[in-house]
Amino acid sequence: MTMNNGMITYSKTGKLNVPAYPIIPFIEGDGVGPDTWKASQGVIDEAVSKSYGDRRKVRWLEVLAGGKGFHQTGSWLPEETVRRIKAHRVAIKGPLTTPVGKGIRSINVRIRQELDLYACLRPVKYIPGVPSPMKRPEDIDMVVFRENTEDVYMGLEWEAGSAIVRKIGDLVQQEDGRRIRSDAGIGLKPISRFGTHRLVRMAVEYALEHQKRSVTLVHKGNIMKYTEGAFRTWGYEVAKKSFGKSIVIEEDLAKEHGGKIPKGKIVMKDRIADAMFQQILLRPGEYDVLAMPNLNGDYMSDALAAMAGGLGMAPGANIGNGYALFEATHGTAPKYAGQDKVNPGSLILSGAMMLDYLGWKEAADRIRKGLLKAVEEKRVTYDLARQMQGAVEVKCSEFAAAVIGNL
Ligand code: NAP
């Protein structure tokens, strides 16, 4: 651990160097963002202080985006914000508003693209006591690696009737013989070998490092052969090429290993996305790490979060090479803005993921245990209280105080 000017650096060999007093930018967020951020910041600071005394401390730096950015600078995502997050490498954010249909493009998507945060990481683990629609929610312990920069999320789509749509329609008819209706909007869905390789590589590395049993490639390759199907092909390709000695392909497990995973190895398997939605409901215990393209990942990570107790408790991170942005997975929940009401659990647990990423594991574990204890004591926010028998409903700030009391 080095004392320096607070800058986190990243070596050519892929190692993050974190000073004792790192400067970490934060975006408060819109809607319920300010409430949940205030609550989370207090928990993170207290956990670090309890774990390391004066030896380590986060120096927070506010950067602007969303409504606050627009009101103070005239920009929803000021250049300065992107520049600072890039410079400091690790940041955390609350939710930001994205208008549906028209208007500004998603600020979240833009930040992810600007920093090339190619993996959206969503660990989903059941917290005992949290209400869940599942019969055996304790079986849920999965980590989703969702590709973050490609697929239909690239925003390569055009309005029905526009010149570009007409040109694409003509081209498809000329070259392929099939006709796209003249009143259709058109979107493109690029999925590359490069993008797939780096995502699946990160997922397999994670599985090996955390001693998980398997990595499952989730795709809709039976229908979309050259995008989702290629994701499957390239996923296996990189797993075999880069981790050949550490993986077993599912097909070979029964044939060559009597169905038993050899020690120190992980199983690589794949599932078609619709079947996988059934699997996570019916046999969640059979899956550990999931790697998938952007759109499947969006749907599946929210479904998993709901199964494990709701968006209010689901943390998330966007990771690239040497850059990471941690964020609550829920949105701005505008009807609760400024009421000190919603569950800050998602952002608090994202903060714990951030501390893990910095290598401050003791503080991260302390937060997870503190939150578990607060839920066990049934002092929870409205979303959980309305479903838990005998629970006391507390405010957002009071839940954070209960977590701090249990650190
Ligand atoms: P949302 O803000 O996530 O809220 C939907 C519902 O989820 C809320 O009404 C509430 O349910 C529940 N909820 C969300 N956060 C909660 C929390 N912390 N604690 C307890 N309950 C919580 O989704 P939305 O209404 O679809 O989206 C609103 C805005 O947020 C949109 O502009 C959207 O684009 C944006 N958004 C941003 C991000 C991001 O920044 N990463 C992510 C998603 C959405 P009840 O009504 O049942 O209480």
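The values are calculated or read from the model by the stated rules, or taken from the named source; none is laboratory data. Every value quoted in this text rests on a predicted model; they were computed, and no experiment measured them. A quick note on method: Cβ atoms are made from the backbone with ideal geometry, for glycine too, and the neighbour counts reach across all protein chains shown.
Among the residues that make up the stretch 255-264, is at least one of them closer than 30 Å to Ser132 by Cα and without any contact (Cβ under 8 Å) to a residue 60 or more places away in the chain? There is no residue in the stretch 255-264 that is closer than 30 Å to Ser132 by Cα and without any contact (Cβ under 8 Å) to a residue 60 or more places away in the chain.
Can you name the residue in the stretch 308-361 that is closer than 14 Å to Leu384 by Cβ and β-branched (Val, Ile, Thr) and is also farthest from the ligand (Cβ to nearest atom) among such residues? Filtering the stretch 308-361 for residues that are closer than 14 Å to Leu384 by Cβ and β-branched (Val, Ile, Thr), the one farthest from the ligand (Cβ to nearest atom) comes out as Ile348. Taking Lys341, is it among the basic types (Lys, Arg), part of a loop (DSSP other than H, G, I, E, B) and in contact with a helix residue (DSSP H, G or I) (Cβ under 7 Å, 6 or more places away or on another chain)? Yes, satisfied. Within the stretch 378-407, the set of residues being at pLDDT below 95 and farther than 22 Å from Gln41 by Cβ comprises Lys378, Ala385, Arg386, Gln387, Met388, Gln389, Gly390, Ala391, Val392. Restricting attention to the stretch 357-406, which residues are touching a helix residue (DSSP H, G or I) at 6+ places or on another chain (Cβ under 6 Å), buried (at least 18 other Cβ atoms within 10 Å of the Cβ) and under 28 Å from Lys15 (Cα atoms)? The answer is Ala363, Ala364, Arg366, Ile367, Arg368. Here Asp274 meets the list (1) more than 16 Å from the ligand (Cβ to nearest atom); (2) closer than 30 Å to Ala385 by Cα; (3) acidic (Asp, Glu) almost entirely, failing just condition (2). Those helices (runs of 4 or more DSSP H) of the stretch 7-97 that lie entirely within it include none in which at least 3 residues are within 13 Å of the ligand (Cβ to nearest atom) and of a type in the set (D, E, K, R).
Against the conditions (1) more than 30 Å from Trp158 (Cβ to Cβ); (2) among the acidic types (Asp, Glu); (3) surrounded by 20 or more Cβ atoms within 10 Å (Cβ to Cβ), Glu228 satisfies every one except (1).
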